[in-house]
Amino acid sequence: MENDDQQIGRILTRREVLVLLGTAAGAALLAACAPAQPSSPAPAPTVLSPAATATRQSTAAPVAANTIAAPACIVRPAQTEGPYFVDEKLNRSDIRSDPSDGSLREGAPLLLTFNVSRVNNSGCAPLAGATVDIWHCDALGVYSDASDPSFNTRGKKFLRGYQVTDANGVARFTTIYPGWYQGRAVHIHFKIRAKTASGAAYDFTSQVYFDDAFTDQVYTQAPYASKGKRTQRNADDGIFRSGGNQLLLTTAKAAQGYTATFDIGLQLA
């Protein structure tokens, strides 16, 4: 389990990012959409090849017609898919069950929303028709359809699935808050597949993370509490330290369980 992930790709400099987006337009986009008065200095944006950027709400005006309202394009890093990706081709929004018997994995319900955009010199526009795959461990740290020294779940397909983004670039999943296992911070893997303007295949893979204090609250509940105190927090995870602060989910308590959102834009040129 300790070898779940290793960092991939080369981190681009801020100058290279602006060149990627088109120097003048990219600089204006990053500057115009940055928070007006950040509470603390933000790190310079970085990106790994293939490039991806995130969109966040701000008070700036939209940069182009049909764009996501007031986007702030902030570069997100790619991270490795790890050893447990299996292309199950499971088109489903609710990924909690195992298709073989319909059984549900125990855990706090989590409604996870991806807002996916296309980034170009004109700004950020919703990306429809992109395939968003997610996969993660259950409340006790076990992945489905995998063989590991501590478990063998070959043939099981719980907590795996994909959705295709709608006209607004949105893909939603019903899952559970993931558990933890030795050597990693709490995370969810994701892969986004789309087509470039020329029709070439585009693939972006990374991971999303949770605020440690929020996770501490969740883990006081069953079945998470039965596993004991987790041994790895975000700051102790070498993969998280390579860009994880830019991959944190926005989480909140819901009437039943929790909600989490993640905004990401893709440079498809």
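Restricting attention to the stretch 243-269, and to residues there that are open to solvent by 40 Å² or more (accessible area, probe 1.4 Å) and part of a loop (DSSP other than H, G, I, E, B), which single residue is farthest from residue 193 (Cα to Cα)?
Within the stretch 243-269, the match that is farthest from residue 193 (Cα to Cα) is 255.
Which members of the stretch 211-234 meet the condition of being in a loop (DSSP other than H, G, I, E, B), small (Gly, Ala, Ser) and open to solvent by 80 Å² or more (accessible area, probe 1.4 Å)? Steps first, please.
Initial filter on the stretch 211-234 (in a loop (DSSP other than H, G, I, E, B)): 211, 219-223, 228-233.
Now drop any that are not small (Gly, Ala, Ser), which leaves 222, 228.
Within the stretch 211-234, just 222 meets the criteria.
Here's a check for you: in the stretch 147-156, which residue that is out of contact with any strand residue (DSSP E or B) (no Cβ under 7 Å at 6 or more places or on another chain) and at pLDDT 95 or above is least open to solvent (accessible area, probe 1.4 Å)?
If we take residues in the stretch 147-156 being out of contact with any strand residue (DSSP E or B) (no Cβ under 7 Å at 6 or more places or on another chain) and at pLDDT 95 or above, then 153 is least open to solvent (accessible area, probe 1.4 Å).
What's the number of the condition residue 159 fails, among (1) on the phi < 0 side of the Ramachandran plot; (2) touching a strand residue (DSSP E or B) at 6+ places or on another chain (Cβ under 9 Å)?
Tallying (1) on the phi < 0 side of the Ramachandran plot; (2) touching a strand residue (DSSP E or B) at 6+ places or on another chain (Cβ under 9 Å), residue 159 fails exactly one: (1).
For residue 150, which of the numbered conditions (1) within 21 Å of the chain's Cα centre (by Cα); (2) under 30 Å from residue 220 (Cβ atoms) fails to hold?
Answer for residue 150: the failing condition is (1).
Out of the stretch 190-214, which residues are of a type outside the set (Asp, Glu), free of Cβ contacts under 8 Å to residues at least 60 places away in the same chain, under 22 Å from residue 106 (Cα atoms) and out of contact with any Pro (no Cβ under 9 Å at 6 or more places or on another chain)?
208, 209, 213, 214
Mind checking which residues of the stretch 201-234 are among the hydrophobic types (A, V, I, L, M, F, W, C) and closer than 13 Å to residue 251 by Cβ?
208, 210, 213, 214, 218
Within the stretch 116-140, how many residues are open to solvent by 10 Å² or more (accessible area, probe 1.4 Å), not in a loop (DSSP other than H, G, I, E, B) and not charged (D, E, K, R)?
Counting residues in the stretch 116-140 that are open to solvent by 10 Å² or more (accessible area, probe 1.4 Å), not in a loop (DSSP other than H, G, I, E, B) and not charged (D, E, K, R) gives 4.
The values are calculated or read from the model by the stated rules, or taken from the named source; none is laboratory data. No experiment lies behind these values; they were computed from the predicted model shown. Backbone-built Cβ (ideal geometry, glycine too); neighbour counts: all protein chains shown. Remember, those area values only see protein heavy atoms, side chains included, never the ligands or the DNA or RNA. Shrake-Rupley method; radii C 1.70, N 1.55, O 1.52, S 1.80 Å.
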